[in-house]
1. What shape does the stretch B:229-311 take by its C-alpha gyration tensor, where a ≥ b ≥ c are the square roots of the eigenvalues and a/c under 1.5 counts as rounded, a/b above b/c as prolate, and the rest as oblate?
2. Calculate the FRET efficiency for A:VAL191 and B:THR200 from the Cβ-Cβ distance with a Förster distance of 22 Å, rounded to the nearest 0.05.
3. If we count every other residue with Cβ under 9 angstrom of B:LEU71's Cβ, Lys/Arg +1 and Asp/Glu -1, where does the sum land?
4. What shape does the stretch B:6-310 have by the C-alpha gyration tensor, where a ≥ b ≥ c are the square roots of the eigenvalues, rounded means a/c under 1.5, and otherwise prolate means a/b greater than b/c and oblate the rest?
5. Averaged over all directions, how much area does the convex hull of the C-alpha atoms of the stretch B:149-249 cover when projected, in nm²?
6. Quick one: order B:VAL259, A:VAL261, A:VAL68, B:VAL220 by neighbouring beta-carbon count within 10 Å, fewest to most.
7. 5 Å is the cut-off here: which amide hydrogens, built 1.01 Å from N in the peptide plane, fall below it relative to A:ASP20, excluding neighbours closer than 5 in sequence?
8. If I take all pairs of Cα atoms in the protein assembly as shown, what percentage of them are more than 43 Å from each other?
Amino acid sequence: MRADTLAAVEAPTPLPVPGDEYLGTVLVNAAVNARYKHLVVSAPEAARKIRPGQFFNLLCPPLPDEAVFLRRPMSVYQMHPNGGTVEFLYHVTGAGTRALALLAPGDTLDMLGPLGLGFSLDPAWRRIVVLARGVGLATLAPLAQLAQASGVAITAVLSARSKLDLMSQSVFADAGAEVLTVTDEEGTSAVPQVERLLLDLIRAGRADAFFTCGSNRLLKLLQTLGRAHGIGGQVAIEQQMACGLGMCFCCVRQIERNGTVANLRVCRDGPVFGLHEALSW
Amino acid sequence: MVDLGVRIGSLALRNPIMPGSGTFSEELARVVDLNRLGAYVTKSVTPGFRDGNPTPRVAETPSGMLNSIGLPSKGIDHFLAKTVPFYARYAAPLVVSVSADSPEDFAMMAERVSVPGVAAIEINISCPNIEEGGHAVAMEADATYDVVSRMRVRTDWPLWAKLTPNTGSATASARAAEAAGADAVVVANTILAMAIDLETLAPKLGTGTGGLSGPAVKPVILRMVWQCAQAVRIPIIGSGGIMNATDVVEYLAAGASAVQVGTATFLYPKAMVRIVDGLAAWCTERKIARVTDLIGRALPSAAPARRAREA
């Protein structure tokens, strides 16, 4: 099947609920291991609007010696539409995440969102495979909630440096997913090994669609396997952003849609795109 | 009740707050009541399709940001069919920003966008992200005169020339635009600038250089507005680093008749509406009945009146 044919059936449907600027209250901002922090914010109105795969553009608190001028986009890790909270999982890497790491319970967090077009499940997809690495797990976790609610069976293949970085496997397991883990420290996460794992899932009829996020090499692998076996799916893409609303055109990525390659905005036209639409970077 | 109304030539605005080109689009209507703004200024439209610059297109700097978007555009046909009709449902005048690769194409664009629903044409001769080395027409007075005068003979619509800060003389291009028949000047576009990534020791922007905006540029652009206000008689629209109502007061006092807000909207989508409310509150507190009373108050020509009031 040709890529543009797959793309035509994969285009995510527009979500009608507009994002807004909300002032949330930090409930938890704690280290879950050496590398990741877990942020829980009370923001009931925002929480009610979130669709899986959407993100917020967060205003970072000031750092003592470094400017954090722009907001930082962060995908939602756990949705609680009726519980009033929004959860994020992040890796402290740059100025923005260092600033977010300073938030303490009781602090106010200015959050713009929810933003973007999230995941949507084609009714023909009854069994899906989620392949994620590192903090990309956080972006895909709400998909598990969506799949469970839609009666779709999930196999989650989670990849990380070490067992300690696989903390979100319970999120997938709780949503009824079968969880397979691969890690660098066990020597099980190389592309050929993951490819064999995926081929087994395809043969077992458990891969109606592929979902991924965060890793260029895993995206390429899924695109190659998808093309060979006629399997579509979706990918959540990351890019530096400014406004998050679609005004500034900072966050474009090359997307192949309807036979042409165009720079589309990750914030407004994505962040979720058809698996075969996204050109690897 | 403070009168926030201002005039830019023949155009009456309900308040002096409008977006800067490239920092505003139909998407903002999802978050903000567009009827609260003084005018709408579109992202620059070009004759044909443009894909824009390679990424990264944005970098953070102290109190500001760099951009190198490169004017992606769906072209004039799409713009006239989709964008202009969108704004018909809103109250404020629509200002269309145009860009082109040659003086001839600028002139053609003037004619194409002179249609009902468009209130004025902003001439983007100052984008630092489309020509080699950050060059732009507005860097030279002669080139500015050439483009504006060619557009002038092709349209009766008000023409606003958007000037660049990347020039030796802030006022020469303003005078040239006025002499060529511009109805106003917009002062100014972004400042040509760059940042280096410390991991790779390469430029942070895909194109190497880009345009600096945000609070970091406000004192520079404010100075340009003050100088241009003493050099031309046509109205000036100030644009650079405005984050709040008191920034607007400074620009008006420096000689601007209206202002454009850009980068602030990227951080706070409702910034323009908050600034309109803040400006009214600031005037009310000081018993200033009309916002036009603030225009030019910091100019040397206003010094005798200022001394008289203080006496």
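1. oblate
2. Efficiency for this residue pair is about 0.30.
3. Its environment carries a net charge of +2.
4. rounded
5. Result: a mean projected hull area of 8.4 nm².
6. On the way: B:VAL259 29, A:VAL261 12, A:VAL68 20, B:VAL220 15.
With the sparsest Cβ surroundings first, the list reads A:VAL261, B:VAL220, A:VAL68, B:VAL259.
7. A:GLY113
8. The proportion of pairs with Cα distances above 43 Å equals 26 percent.
Coordinate-derived values only; no laboratory data. All figures in this text were calculated on a predicted structure; none of them were measured in a lab. Quick reminder, even Gly has a Cβ in these numbers, built from the backbone with ideal geometry, and neighbours come from all protein chains shown.
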